[in-house]
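To start, the structure under review is shown below, and the notes come after it.
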Ligand SMILES: NC(=O)c1ccc[n+]([C@@H]2O[C@H](COP(=O)([O-])OP(=O)(O)OC[C@H]3O[C@@H](n4cnc5c(N)ncnc54)[C@H](OP(=O)(O)O)[C@@H]3O)[C@@H](O)[C@H]2O)c1
């Protein structure tokens, strides 16, 4: 094993998942995945299709979502897609009114859609919209969907699984104020909900995900060259968390950081 592989193995230990356990937890269950058209969410959807979960997939890219639904249909499971810009408040309001009627019983809500922006504050003087957009997607849409689907989750004793970032546990990095502020806002909402929802038998779980090679991360050239999990490994991390009693996932080297 060369030094690079050794480093990768230590910092990103391989993640696997037991197919029988996956079947037990997800087969025939209703699952919502936001951000299903790319990266982690797409791999998550494919894993869930593989064990015949019943899916509602959301993102903007209709073609990618339709392709996933066609794959699901070919494998004999039910899947629906909702092509939506989750930052659009009118579209989101309509969805939040409509979806609980279509999904009275929901076992898992994977809040995974996200957008990162790397720009220093001094380069953002005329870009308040960067902060609005990251907040609307990374924080507000998670809260809106969680609130709207709470009765459906309660009916199934379900779970909300949020894809956060391990970087929100580090001291702040220059350039990430919009992204980190929005992901941290969602962290705080989820940790509060973890406590409040306990009595409602709805579990809220947070994955403090390390670096994952996806279109989002690889847009930063430095990250593209760094060792990282694959999108499929990240999907396995989310699924393992969703099958466990744990409230959070974070890599072993992040224990003691942040919260
Ligand atoms: N990659 C990493 O290193 C890393 C590390 C920690 C945490 N995360 C988190 O992991 C999650 C998934 O990211 P990824 O790395 O898989 O990135 P990705 O490949 O860029 O996927 C992002 C997903 O979010 C959807 N999305 C973006 N803007 C949207 C909007 N306005 N409305 C609806 N959906 C929207 C995208 O779909 P459309 O473009 O089709 O809308 C896509 O499906 C994010 O929450 C991210 O913060 C990633």
Item to check | Filtered residues of region 1-17 (kept if surrounded by 11 or more Cβ atoms within 10 Å (Cβ to Cβ) and either in contact with a strand residue (DSSP E or B) (Cβ under 7 Å, 6 or more places away or on another chain) or part of a loop (DSSP other than H, G, I, E, B) (or both)) | outcome: 12, 13, 15, 17
Next on the checklist: I need every pair where a residue in region 26-53 that is free of Cβ contacts under 8 Å to residues at least 40 places away in the same chain and closer than 20 Å to residue 136 by Cα has its Cβ under 8 Å from the Cβ of a residue that is outside any loop (DSSP other than H, G, I, E, B) and within 16 Å of the ligand (Cβ to nearest atom), sequence separation at least 6 or different chains.
Outcome noted: 37/57; 37/59; 37/64; 37/65; 37/68
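So which of 176, 253 ends up being within 16 Å of the ligand (Cβ to nearest atom), surrounded by fewer than 15 Cβ atoms within 10 Å (Cβ to Cβ) and either under 16 Å from residue 109 (Cβ atoms) or over 17 Å from the mean Cα position of the chain (by Cα) (or both)? Spell out how you get there, then give the answer.
Values: 176 fails: surrounded by fewer than 15 Cβ atoms within 10 Å (Cβ to Cβ).
Checking each option against the conditions leaves just 253.
Is it fair to say residue 169 is more than 25 Å from residue 45 (Cα to Cα), in contact with a strand residue (DSSP E or B) (Cβ under 8 Å, 6 or more places away or on another chain) and within 12 Å of the ligand (Cβ to nearest atom)? Please lay out each step first, then the result.
Details: more than 25 Å from residue 45 (Cα to Cα): yes; in contact with a strand residue (DSSP E or B) (Cβ under 8 Å, 6 or more places away or on another chain): yes; within 12 Å of the ligand (Cβ to nearest atom): yes.
Here the answer is yes, as residue 169 does meet what is asked.
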Item to check | Residues of region 189-238 that turn out to be without any contact (Cβ under 8 Å) to a residue 60 or more places away in the chain, more than 10 Å from the ligand (Cβ to nearest atom) and part of a helix (DSSP H, G or I), as a count | outcome: 15
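Kindly indicate which of 151, 221 is touching a helix residue (DSSP H, G or I) at 6+ places or on another chain (Cβ under 9 Å) and more than 22 Å from residue 131 (Cβ to Cβ).
On the way: 221 fails: touching a helix residue (DSSP H, G or I) at 6+ places or on another chain (Cβ under 9 Å).
Within the list 151, 221, the selection yields 151.
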Checklist entry - Would a scan of region 78-85 turn up a residue that is in contact (Cβ under 8 Å) with a residue 24 or more places away in the chain, exposed (fewer than 15 other Cβ atoms within 10 Å of the Cβ) and either within 25 Å of residue 223 (Cα to Cα) or in contact with a strand residue (DSSP E or B) (Cβ under 8 Å, 6 or more places away or on another chain) (or both)? => result yes
Next on the checklist: Take the conditions assigned to a loop (DSSP other than H, G, I, E, B) and within 14 Å of the chain's Cα centre (by Cα) and apply them to residue 45. Does it pass?
Outcome noted: no
Item to check | Residues within region 239-251 that are assigned to a helix (DSSP H, G or I) and either modelled with pLDDT under 95 or closer than 18 Å to residue 195 by Cα (or both), tallied | outcome: 2
Checklist entry - Any idea which residue in region 143-166 is surrounded by the most Cβ atoms within 10 Å (Cβ to Cβ), counting only those that are within 14 Å of the ligand (Cβ to nearest atom) and assigned to a strand (DSSP E or B)? => result 163
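Filter region 100-133 for residues that are in a helix (DSSP H, G or I), within 14 Å of the ligand (Cβ to nearest atom) and under 23 Å from residue 81 (Cα atoms) and give the result. Let's see the steps before the verdict.
Within region 100-133, the first condition is being in a helix (DSSP H, G or I), and the residues that meet it are 100-102, 122-124, 128-133.
Narrowing further to those that are within 14 Å of the ligand (Cβ to nearest atom): 129-130, 132-133.
The one that is in a helix (DSSP H, G or I), within 14 Å of the ligand (Cβ to nearest atom) and under 23 Å from residue 81 (Cα atoms): 133.
The values are calculated or read from the model by the stated rules, or taken from the named source; none is laboratory data. Keep in mind that this is a model prediction, so the values were computed, not measured. As a convention, Cβ positions derive from the backbone with ideal geometry for all residues, glycine included, and neighbour counts pool all protein chains shown.
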